[in-house]
Each structure stands twice: as C-alpha cells, then as structure tokens.
Amino acid sequence: MATLGRFAQMFLRSSLASTRRQLSAAAAAGHGEQATKTWKILTFVVALPGVAVCMLNMYLKEQQHSHEQPEFVPYSHLRIRSKRFPWGDGVKSLFHNPHVNALPDGYEGHDE
C-alpha cells in the first residue's frame, strides 16, 4: 500500500511540474496578451452596442405600452384570502401595488 502511495505522489509531482512548464511557456509566448486584446475588442464592438440596442428596444416598447388599469373582473378563483396577511390591514400582499394589484373587491381608490 505504501508503494502505491509513493507512486501516486511521484505521478502527481511530475504532472504538476509539466503543467507549470506549459503554462509558463504559454505566458512567455504572449498568448494572454492576445486573448486580452481580443476580449477587449469584443466588449466594445459587440457587447456594449448589443446592450444599447436592447435598451433602445425596451424604451420604444414601453412608450407604446398602455398604462391603464385592466378592467376588474371578480373571478372566484383569484384573490382568495383564506386567512389574513400578518402585516398591515391583512388584505394587501407584502409587495402590494395599488395601481396593478386588485383587492378581492376591486382596485383601491376607485368609486364605481
């Protein structure tokens, strides 16, 4: 068993030494500098314009979007409250938005 341990230890040392030699040879050849230059060019030529196009698309779609509340329809399977929430008045969810989230009896602040 001790022989197997010595063999494994010797094998690991030789493989680590050869790996170190390969990595240092690649660094000496300037491979890292070329890769850095390539990624820098890709960042400025592809990534940043891609983000800008996505932002423009989002902005234009938001301008076309209607900001009106949808009509309240009291479906029986939605907004079921089997027990009260432990905060506030117990009816509103934790992240309640009165413009978007309806209560069981309709939107807040609308007298219809």
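I'd like to verify a number: residues in the stretch 41-98 that are in a loop (DSSP other than H, G, I, E, B) and surrounded by 10 or more Cβ atoms within 10 Å (Cβ to Cβ), how many?
Initial filter on the stretch 41-98 (in a loop (DSSP other than H, G, I, E, B)): 65-98.
Okay, now just the ones that are also surrounded by 10 or more Cβ atoms within 10 Å (Cβ to Cβ), so 69, 72, 74, 79, 81, 84-85, 87-88, 90-93, 96, 98.
The number of residues fulfilling the criteria is 15.
Name the residues in the stretch 25-83 that are basic (Lys, Arg) and closer than 19 Å to residue 97 by Cβ, would you? Full working, then the answer.
The initial filter retains those residues of the stretch 25-83 that are basic (Lys, Arg), namely 37, 40, 61, 79, 81, 83.
Matches in the stretch 25-83: 79, 81.
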Only one of (1) among the hydroxyl-bearing types (Ser, Thr, Tyr); (2) at pLDDT below 75; (3) within 27 Å of the chain's Cα centre (by Cα) does not apply to residue 19, and that is (3)
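The values are calculated or read from the model by the stated rules, or taken from the named source; none is laboratory data. Keep in mind that this is a model prediction, so the values were computed, not measured. All Cβ positions, glycine included, derive from the backbone under ideal geometry; neighbour counts span all protein chains shown.
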